[in-house]
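Visitor: The structure's right below; bear with me while I get my questions together.
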Amino acid sequence: MDSQTVTGSVILYVESRVREPLPDAEIARTCGLSAAHMRDLFRRRMGIPLGTYIRRRRITYAAFDLLHSGDSVLDIAARYGFEVPDTFTRAFRRETGYTPSGFRRARPPMGTKRLCGGAFGICIATVRMEREEET
């Protein structure tokens, strides 16, 4: 498999299971590669580590839920694998510039972006993700 195909497979796998635990070995098995080789191909193609990509996608989905559901911040954090609320708040602020509650109040625009091939996913319009957009 070439790096574009591997990256596309990984992205689609992550998108379809963003709420689940995503061990590297499990993702790599879907590509028929070792975890180390899959992580290396992904990082070279995307410019960021796989773990960073997964965290960004979880934050993006959490942001969508903040705007489009009445669920509590704690429930949304837990839904996307953040068991400690402070960890979620720090990660959310690092990626969006907002606290989760501040994001909900500000209601910044969300849209879609091309993730790979013909696959599109949600994005926060105010967050710059240059490296992801380059692919």
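Visitor: Treat each spin label as a single point 7 Å out from the Cα along the C-beta direction, and report the Ile48 to Leu12 distance in nm.
Guide: Inter-label distance under the simple model: 2.2 nm.
Visitor: Separate question: Return one number: the angle in degrees, 0 to 90 and rounded to the nearest 10, between the long axis of the Cα atoms of helix 3-16 and the longest principal axis of the Cα atoms of the chain.
Guide: Computed tilt is about 40 degrees.
Visitor: Follow-up. How many nm is it between the label spots at Thr112 and Ser3, if each spot is 7 Å from the Cα in line with the beta carbon?
Guide: Reported label-point gap for Thr112 and Ser3 is 2.8 nm.
Visitor: Tell me, in nm to one decimal, what length is gained between Ala25 and Asp71 on full extension, where the rule is 0.36 nm per residue of separation less the Cα-Cα distance?
Guide: Here the answer is 13.4 nm.
Visitor: Tell me the carbon and sulfur percent of the accessible area for the chain, rounded to whole percent, probe radius 1.4 Å.
Guide: Here carbon and sulfur together make up 49 percent of the probe-accessible area.
Visitor: Using only the alpha-carbon atoms of the chain as identical scatterers, what base-10 log of I(q)/I(0) does the Debye formula give at q = 0.10, 0.12, 0.21, 0.22 Å⁻¹?
Guide: -0.32, -0.46, -1.27, -1.36
Visitor: So with the 1.4 Å probe, I'd like the accessible area per residue for the chain, rounded to whole Å².
Guide: 54 Å²
The values are calculated or read from the model by the stated rules, or taken from the named source; none is laboratory data. Being a predicted model, the structure only gives us computed values, none of them experimental. Note: ideal-geometry Cβ built from the backbone for every residue, glycine included; neighbour counts use all protein chains shown. Please note that ligands, DNA and RNA were not included when accessible areas were found on the heavy atoms of the full protein model with its side chains. Shrake-Rupley method; radii C 1.70, N 1.55, O 1.52, S 1.80 Å.
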